[in-house]
Amino acid sequence: MSYLERGNKMDEGVRLELTLDGLDCANCGAKIEKKVNGIENVKHAFLNFASKTLTIEVSDKENTSDILYKTKSIVSSIDPDVVVKEKDNKANRFEDESDDERDIKEKVISICLSAVLLLAAMFLKLSLPAEIILYTISYLLVGGRVLLKSAKNILKGRIFDENFLMSIATIGAFSIKEFAEGVSVMLFYNIGMLLQNLAVDNSRRSIKSLMDIRPDYANQYINGKTVKVSPTEVKIGDLIVIKPGEKVPLDGNIIEGNSMVDTSALTGESVPRELVPGDDILSGFINENGLLKVKVTKEYGESTAAKILYMVQNAGANKAKTESFITRFAMYYTPAVVISAALLTVIPAIIYRGSNFSAYLYRSLVFLVVSCPCALVISIPLSFFGGIGGASKKGILIKGGNYLEALEKVDTMVFDKTGTLTKGVFKVTQINEHGQISRDEMLEYAATCENYSSHPIAASILNAYGREVDTSSIESYQELPGFGVKSRIKGREVIVGNEKLMRSEGIEFKDDGCLGTIVHIAIDGRYEGNIVISDEIKDDSYHAIQKIKDAGVKKAVMLTGDSIEVANAIGGKLGIDEVYGGLLPNEKVEKLETIKQNISDGSVVFVGDGINDAPVLARA
């Protein structure tokens, strides 16, 4: 049985995750979700249409087999073409989407061929039988699937759906010899559905990019040897080894080794963090330069990386009020349209006896086409196409008209810091001299001293120096993990490192109150100054914040994984109204929820980049 048992920090109970392969109808998905929620012992079920994932919270583990059987029956009754598959939770992978890509290619080909035949029938001077043949072939190329689905649904007693509406409207058009109209309606319907599928596929690819933080393996330490295993096989209390360059697979506590780790995937913090024995380490971090032995404190399903992936994949569970209303409205709308169309034909014919019955039939068919929810599905994205196209010319990608519409009543705009308001690349931003040598000389000594180091901070100093280091001047070199570097250069003792190194060497240093990573430099036991390495504010960030406020946004808020001191400094320079620092991705989601609750009228926009912002972006 493919189910997930999650602890208290994620929703309690058993979670059954299924992939609905072949689901391409959002309305059908809504019906499936509603019926599955009605199954006994199902606490809650929700469908993520973008990832084709149906997640079911089960109150009792023993009922999972029965619920799975009933769910498959429900799906089969609503859409026989959908195949229910149990999701591979151990690997936590998305299903191979080659079938979807092939299906899209087939639809594109059929639409193009149908359009060519339609144009040929309309503009070539052909005999009536030849025209009818071309129209029929053109119609079947794009309408064959719709007719087949409609027939299957009728046999199962489900009449009122979009397939039925499209079928009777277009067949009716053929019956009154309006062949071009019948084919055109079906053709444009298929174009609309194709555009919808492409948009959904883009969403799936966006979610799949999150897999970059998912570790593929863990090096489990057993009896003095390391064995490569799946992260799901490692238990709490087991030991794992994390080599330089590897992703951290599980949350744990470092018991041996020290290293600099890249935390940007989770926290957005641009400067690598130094970890030593006793420190906690989170899955999703990248170990940069040291060998670490870690005692696992959480199983994979409870790990930080797994929670981030889970939150994003299931963000669809938090539905907007408008979305819920449309789902309910569609259940009553389609039957009402069909009944109204029938009355539009029958009542005038009864009242005005002897009148032209075909005229009323034609009007009712027009009413069906215009009122069809599928026509609305086509018209809504097209109405926003102009705005989206205009934005794309300015380098702005808007993934859908709903996002454009939501910008109408923005009350608060929430920003991530790293990579959004700042450049997201740590570099030398300041050199403070406190001795007898110049800034250029200080940078040269620091670059020469750090030349053989693999530390990210060393790379920043060497990049700032920008010239080739004279390695012949280096007489000795000693790297001190967690402290810095000692070198003998041209007969002088050079020490480059953090304040702990300065204290251990008995060298008095100065704190200039700078924000960022401070690298102190001493030569022959005398303090010469420090180099500040930090993130840079983007040139246009301040102007952008002011323009946003001028446009009517009442409040600008910043959320970041960086320290509160750094956050306050950046926020002050940019005119941010509220600043929150030291936040993990799940804490950003919680903070966003709090901000939303405090707003009575208007919407909240979150602006961010990178995997660390994915859960809060999805929730927004």
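Here, each number is a calculation from the coordinates, and none is a lab measurement. All of these numbers come straight from a predicted model, not from anything done at the bench. No Cβ is skipped: glycine too gets one built from the backbone with ideal geometry, and neighbour counts run over all protein chains shown.
Odds and ends about this structure:
- Contact order for the range 482-620, expressed relative to its length and based on alpha carbon pairs under 8 Å spaced 6+ residues apart, stands at 14 percent.
- Calculated from backbone phi, Karplus (6.51, -1.76, 1.60) coupling profile of the range 559-569 in Hz, x at Gly/Pro: 10, 8, x, 5, 4, 5, 5, 5, 4, 5, 5
- Under 18 Å from a label point set 7 Å out along the Cα-to-Cβ vector of E590, the amide N atoms of the range 549-573 belong to 558-564.
- As a rough footprinting exposure proxy, the listed residues D562, D511 were ranked by other beta carbons within 10 Å of their own, and the order from fewest upward is D511, D562.
- Cross-link pairs K72/K107; K427/K486; K417/K555; K52/K247; K247/K307; K409/K538 - those with Cα-Cα distance over 25 Å: K72/K107; K52/K247; K409/K538
- Annotation: the residues V366, V75, sorted from fewest to most other C-beta atoms within 10 Å of their own C-beta, follow the order V366, V75.
- Straightening the chain between Y332 and S127 buys 69.4 nm, computed as 0.36 nm per residue apart minus the Cα-Cα spacing.
- Taking 0.36 nm per residue of sequence separation and removing the Cα-Cα distance, the R102/K490 pair yields an extension gain of 133.0 nm.
- The range 587-603 versus the range 212-253: alpha-carbon centroid distance in Å: 37
- Fraction in percent of alpha-carbon pairs per bin - 5 Å, the range 214-313: 3, 15, 27, 27, 19, 7, 2, 0
- The 3J(HN,Hα) values that the Karplus relation (6.51, -1.76, 1.60; θ = phi - 60°) gives for the range 431-445 are, in residue order, 10, 10, 9, 9, x, 9, 9, 7, 5, 5, 5, 4, 5, 5, 4 Hz. Gly and Pro appear as x.
- Net length gained if the chain between V227 and V276 were fully extended (0.36 nm per residue, minus Cα distance): 15.3 nm
- Exposure proxy ranking for D251, D238, based on other Cβ atoms within 10 angstrom of each Cβ and starting from the fewest, stands as D238, D251.
- Virtual spin-label span in nm between D216 and K235, 7 Å along Cα→Cβ: 2.8
- For E528, the residues whose amide H sits under 5 Å from its own are I521, A522, I523, ignoring neighbours fewer than 5 places away on the same chain, with H placed 1.01 Å from N.
- Spacing of the two label points (7 Å from each Cα toward its C-beta) at D539 and K177, in nm: 6.9
- Shape call, the range 427-534: gyration tensor on alpha carbons, a/c limit 1.5: rounded
- Debye intensity ratio I(q)/I(0), log10, the range 523-587, q values 0.13, 0.21, 0.27 Å⁻¹ (C-alpha model): -0.48, -0.91, -1.19
- Computed from backbone phi, the HN-Hα couplings of the range 548-554 come to 5, 5, 5, 7, x, 6, 6 Hz, rounded to whole numbers (Karplus: 6.51 cos²θ - 1.76 cosθ + 1.60, θ = phi - 60°; Gly and Pro given as x).
- Extending 7 Å from Cα along the Cβ direction at K510 and again at K295 yields two label points whose distance is 4.5 nm.
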